[in-house]
Structure formats: structure tokens, C-alpha cells
1. For region 463-481, indicate whether the set of residues that are under 16 Å from R387 (Cα atoms) and in a strand (DSSP E or B) is non-empty.
2. Please verify whether region 451-462 includes one or more residues that are closer than 27 Å to E413 by Cβ, part of a helix (DSSP H, G or I) and either without any contact (Cβ under 8 Å) to a residue 60 or more places away in the chain or not aromatic (F, W, Y) (or both).
3. Identify the residue in region 519-541 that is charged (D, E, K, R) and within 25 Å of L483 (Cα to Cα) and, among all such residues, is most open to solvent (accessible area, probe 1.4 Å).
4. Among the numbered criteria (1) assigned to a helix (DSSP H, G or I); (2) among the hydrophobic types (A, V, I, L, M, F, W, C); (3) under 26 Å from the mean Cα position of the chain (by Cα), which one does V525 miss?
5. For region 175-186, check the following and say yes or no: at least one residue is open to solvent by 20 Å² or more (accessible area, probe 1.4 Å), assigned to a helix (DSSP H, G or I) and either among the hydrophobic types (A, V, I, L, M, F, W, C) or at pLDDT below 75 (or both).
6. Could you count how many residues in region 400-434 are open to solvent by 50 Å² or more (accessible area, probe 1.4 Å), more than 19 Å from R496 (Cα to Cα) and not polar (S, T, N, Q)?
7. Provide a single number: the residues in region 380-433 that are more than 40 Å from the chain's Cα centre (by Cα), on the phi < 0 side of the Ramachandran plot and part of a loop (DSSP other than H, G, I, E, B).
8. Whether any residue in region 502-512 is at pLDDT 90 or above, assigned to a strand (DSSP E or B), open to solvent by less than 30 Å² (accessible area, probe 1.4 Å) and of a type outside the set (D, E, K, R) is what I want to check.
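The values are calculated or read from the model by the stated rules, or taken from the named source; none is laboratory data. From a predicted model like this one, the values you see are computed outputs, not experimental measurements. Quick reminder, even Gly has a Cβ in these numbers, built from the backbone with ideal geometry, and neighbours come from all protein chains shown. SASA here: full protein model, heavy atoms, side chains in, ligands and nucleic acids out. Shrake-Rupley method; radii C 1.70, N 1.55, O 1.52, S 1.80 Å.
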Amino acid sequence: MLDKKVASQHAGMICDSCSVDSGRHQHQHGSEDMQKNWRTFFWSAIFTLPLLLEMVYKLRTGIKILDMDLIMYAHIFLATIVVFYFGWRFHWMAWKQATYFRANMDTLVSLGTLTAYFYSLWLVAEKLLFNIEKEGYLEVAAIIITLILLGKYFEAKSTGQAGEAMKKLIELGVKKARIIIGGQEREIDVDKIKIGSIILVRPSERIPLDGEIIEGESNVDESMLTGESMPVEKKIGAKVFGATMNDDGVLKIKVTQTGEGTVLAQIIKTVEEAQGSKAPIQKLADKISGIFVPLVILIAIASFAGWFFIAKDFSIAVINAIAVLIIACPCALGLATPTAIMVGAGRGAKSGILFKNGESFERAKDISIVVFDKTGTLTKGTPELQRIIANPEFHFDEGQIIRIAAPIAKSSEHPLSKAVADYAKEKNIELGKFDSFREIKGKGLIATCVQHKIEMMLGNKKLLEENSLDTKWADNILEDKNLGIGTRLFVVHAKRVVGAIILADTARAESRKVIEDLKKMNLKVAMITGDNKNTAQAMAKELGIDQVLAEVLPAQKSSEIKRLQDAGEKVVFVGDGINDAPSLIQADLGIAMGNATDIAKEAGQIILMQNNLQKVVEAILISQKTFLVIRQNLFWAFFYNVAAIPLAIAGVLNPAIAAAAMSFSSVSVILNSLRIAR
């Protein structure tokens, strides 16, 4: 789970008081923005329609309706409303940029439409004062504004679709909860519940907040967090999370997190941080735009000068300069990266993969090797009993050996002891009673059988040596490589070493398949561990890993990652422990597992919300796909401008056609980005 420290560092756009509600309001605002864009376009189109009809009629018949003064004044009125009321946003933003001696896409739109508008007014004045008739471009100015507004609407609509996964997450938030006070139920607003409160959740209800079960059992659907479709069995003491679905039991839950501390709020914060952040490639695009726009203005001026001095026609010179300004508007360039990041982050969140920032996508572009921490990442992280071996000299069978070992192990909290006790419990083995329990640190356990008053032991070779026991058979067991990897514990009954138990941290069920999938992606795979070389090699062989970095001390892990980088590798590191944090930071791309420590999650660029290694493959694929789409978007945005500007200079493109093409290019970039979601 992400802790408050991580959440606060990735607050994004969500307020501190109520993260989920704030996120909900933001997306409501996004919907309102889309509706506002539609209304603006709709009314602009209504005012533009007469101008468009006049232009079409003139092209078909050659008759100029504007010869009638009344209609000419009406058209001036309509164009003025469209250019200055509906198009005011472009002029205002252009002015703000100009005050800082900067220019952007709004600068081009504003310059183009205002030039067309005022040039047309000049021609009208010439007609009224000197009876000089020349064709104006009032309809062009209005059509450009209207078409660009249509593009803005499609942008807002597509952006809304891109954030659909995030909206669904926000909608999962529960507004009301049943709280138990003095044995009585009372329904109150979730934002009024405090940590430590007891809440009641009935079957088929969503759990309001993060907490710990204190009464009841149930299956809980956590798919909104983990992406797993199967519900998880929850008992007393289990942790549950807000917005997950309680399937079939009545639960009493002690609240442990509220507001921004809940997992749901932290997911939303992290994803919105990624969606709002800029990848390095976007910063590069912004710098290019800052140079590109002034350059386009200079090209437009040069185009005007060229046509004016060569063709000796002021009207043609103006209209071609306007076409250059409009066709070069880098709207698609500005949308290329943020839309792809938004869709990629949303797609990841839907699968339980959190991309902490936009840079996460770019970091995956040239990776060559994936390095896995062994314990807790490739393996389950907890030892399991693998094998019971009886010493043939004393004729004890496996059942007798575990009945000696398990009662002793049950009294200890050591992971190896717990593994022995859990095995006996799983097999429903009846345990005898032991007393006089002693734990010798680093060596093992000693206890006395209550019934027979015989001393029993469970421990390593050092425990045998300390008690002056024969270790010959134990030495053979330790040296026998055919017994596989794992820790050997020896079982002693009345001073005799009657058997041995082998325990090992086993590989996750999906580990081998993940390794195979990564190799199919032409990625090298390595494992890093503090285990001895024999143990590490045995695990690597089992999983199909070719490169092993064994006997690496925790402090040396990041140095090993740097050594790989110095050798020319682009490294993905996957880990879960506190000692993995430096490696997660050092790697070109750090992925923290769902069971990772808070420090590891803070260090990684990608966080998996569940302990499923298959999500590593999915995270890399989403990252690479998103960055590929960003590159495609940028290519087509630049290609469009490079190809179209010469056509505008040559007089091939009418400004109205240029505006339509420019709007279409922006929408095409968004549609390309939406492919990531599929």
C-alpha cells in the first residue's frame, strides 16, 4: 500500500481534504468543459452558416450577394461576432503570449483570422468610398474560427474518453457508511468518519474506507485495485480497501485510513500526476514549438512579400500569408504527448499498474535487460516445506519426523519455524504437547515432550555441534546437491538425528512464464540476489534465467545495476524491499511490486498494485506502446506542417481549407492516442 508520504508527494490536482471528491469534481468540470466547447462551436456555426452559404453560392453561380449593401452589413455583423466573441479565447491567449515575448498556436490562429477580417473591412471601405470592388474574406475568418472550435470540441470529447478509466475509479468512491457507535448503527457521510471508527458492511456493498476486519468473514472483490477478477478471502485481521466490493459476508471493519490516505485516493493521485506531467520528449516538443511559431510568422511575412512583389496583387499576398499561418498552427504538436500519456496512464490504472509520471513511458523506450530481485519478487518471499528426509539408521518415517518438528516449531515466530508449523496445519497433523521450550538464536529450538519427557530439537548443524551430537549423516545431507536448493533443518529425538527437513522460498507460479514472455520481446533477463551461487544458479535454471548476479550484498545492488549500465545496457529493475530502493532509482526504469515496502514504492517509477509478475510484462508493453504512439503523433504533426506550409506558400491552399485540415490533424492525433486503451 502506498503510504501518506508517497501520496503527499504525488498530490497532483487533488486537494488534501477529500481526494476522491476533488477528483470527482475535476472530471465533472471536464464534462462541463466539453459541453461548453460544444455550445461555443454550435453557436459559432450558426453565425457562420450564412457566410458559408454565400461563399458556396458565389462559387457555383459567380453572383456576389454582398453587392447588396444590407446583406453586406449583415455579413460584417456575423463575422464580427464569430471572430471577436466566439474566437476571443484565441486572441486573448495570443496577447498574453505576446506580453511575454512568446508565441504559440493561438498566436497563429489570432494573426490569421484578424488579418483576414481587417483586410476584408479595408476592402469594404474601398468599395464604399472609392467604388473599388475586390473580393473579401470575412467568411474565411469566420470559418477558420468555427472549424478550430470544432477541433477543440473533439479534443475535449476525446480527452474525456481517454480518462474514462479514471472516471470509473472515482465513481467507485462510497459517499455514505454505517458507523457503529455504542452498539447502534448510524449512517453518516464518509468524509466525517475518523480513523479508529467501526463500520458495518453488508453483502454486495462497497467497503467505504481502508481498514482491518475485526469481526466476520467474506470474499472481497478487489479487481478495481489489482485487476484480478477472482475475489479474495478475508478473515479477522485481514486488510480491506475502500471501494472494493464485499461479496457474501457481514463485516465489521476498524478504519485505518481516511481521505487522501486511502488506496483509492492514492491511485487517483498517482495517475493524475502521470497524466499531468510532461515527459522529456514533451519538453523538447514545447521548445521546438517556441521556435517553430515565430519561424512560421516570418515565413508568412516572406510569403506575403513574395506574392506582393511578384504577382503585384495585395489580395493574393494577404490570403496566402493567412493560409501559411493557419496551416502551420501546431495544435497537433501540442496534443501529441499529453493525450498519449493520459490514455496510457488510464490504461495502466485499469490493470492495476500505476505510472507515477510521464517520464515512466519514455524510460521504457530502449530497455535491453530486465533485472529481478530474487526474494519476494521472483519467489513468494516466504519459505515453504519442500521435503522431509528420514535417517534410515533409526527407522522414523516422514509422519513421525513432522510430528516431532511441528510442535517445537509452533512455539517460534521464525519464518522457517512458521513454515514447518503451517505445513503440519495444512496436512491436519495432530501435534503432541511440548514444554521447556528454548530458542537458541541463529541455531534452532529445543523442547521436551510432556508425555515421554524426552528432549527434542529442531535446528541447523550448529545446534547439533553445540549439543555434541553426531553430525556425520547431517554432513551428507548438507553436501548432497541432488536434494535441491533450500535450508536444511535437522530433527533430533533423544540425542539422535532422526531426520531432516528442507525448506525453500519457492518461485511464484507465474515467474517462468514471465521470463519466457520477456525473452520473446528480445529482452535479456537477469536475477540479483544475496544467496550463494549454488542456490541462485539452481533457481535461475528452474526459471530459465541465463544471467545471475549472486552473493550481492544489499548495499551493492545498485552498484551492480550501474555496472550493467556502464556496459551499455538499459536496465529495468523489479524489486520489493527497502534495500531495493537504491536500485529502483539507479535503473533506467524501476518497477515496485505490489507487496513492496513504502520506500521501494516511492523509489520506483511504476507501481504494481498486486503481486503478479505478469503485470511487469504488461507495464513494459504499455510503456513502450505509449511512447511509440507519442513518436507517431509527433512525426505526423511535424510531417503535416512541413508538407503543408509549402503548399500554402504556393497558393494551393485556401485558408478555410487549411483550417479544416489543421483541425483534422489534431483530432487524428487524439484518435491515434486512444488506440492505447484498446
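1. For region 463-481, residues under 16 Å from R387 (Cα atoms) and in a strand (DSSP E or B): absent.
2. Yes, that holds for at least one residue.
3. Taking the candidates together, the pick is K541.
4. (1)
5. Among the residues of region 175-186, not one is open to solvent by 20 Å² or more (accessible area, probe 1.4 Å), assigned to a helix (DSSP H, G or I) and either among the hydrophobic types (A, V, I, L, M, F, W, C) or at pLDDT below 75 (or both), which makes the answer no.
6. Selection size over region 400-434: 13.
7. 14
8. Looking through region 502-512, at least one residue is at pLDDT 90 or above, assigned to a strand (DSSP E or B), open to solvent by less than 30 Å² (accessible area, probe 1.4 Å) and of a type outside the set (D, E, K, R).
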